[in-house]
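First up is the structure itself, then whatever we jot down about it.
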Amino acid sequence: MSAVKSRWSIACPHADDLDKFKSKGQTIKPFFQALQVSPVKFKQFQVTLQSLAQQYLDLKEQFQNQQQWRVDNLMRQVPQIIPWMADFEDAWPVAVYLTRYLRNVARPPRNWPGIRNNQVRASRSAARRKRTIDRASLTSSSPDSGPLKKLLESARPSLADFLPNFVTIGIDTTDTLYAFLEWTNAEREAFLVKEEDNIHLTRFQRASFLMACKRFTKRP
């Protein structure tokens, strides 16, 4: 009997392999290699899923503890923003990456052994202050905001005043900016539409920004 060809290019790995990809002690390199994509495309994948997680998931909870409706809402966005994920059975890399990502960003529970509640609260407050400081620095004198600021200023009319908004949606470093610029114009536009509640661009401003992106696609 001839084998039935799968509609997926890359089937879901065995459960043991998935557990290894998710393992805390495992580097991300084997997972990256299993995806068989370029470093640029993998960076795009990371940036996009981080943005979607911040928009749809509860960052205080591990992925396996997320409410199902949150996961379902996120998964509905994936084919539109990462169309090549259709090559993977059940979009399995999404669950792997978000398991790893949320393990790093989820807040510790109040009864975390060895840490008092006030220590946990102090740690969280310090993290919030650091994020605020980091974003403020990017909107002022940080050298890393240079390329993004230059891109926004090159739009007609200038969108320089929107720099903090782009930092908020995760385009906050030179690497994430150039990863975003590696996307197709359709992928960039789909992402901006999904983030319109955070960046507050009019349709004309969004079109102007996308035109600026086309002229700004190479690293200096």
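Just so you know, all these numbers are worked out from the coordinates, no wet-lab data involved. Fair warning: this is a prediction, and the values are worked out from it, not measured in the lab.
Residue by residue through the range 34-44, which ³J(HN,Hα) values in whole Hz follow from phi under the Karplus form 6.51 cos²θ - 1.76 cosθ + 1.60 (θ = phi - 60°), with glycine and proline marked x?
Calculated HN-Hα couplings, in order: 5, 6, 6, 10, 6, x, 5, 5, 5, 5, 4 Hz.
Kindly flag which residue pairs out of Lys29/Lys194; Lys24/Lys194; Lys43/Lys149; Lys22/Lys194; Lys29/Lys149 have an alpha-carbon separation exceeding 23 Å in this structure.
Lys29/Lys194; Lys24/Lys194; Lys22/Lys194; Lys29/Lys149
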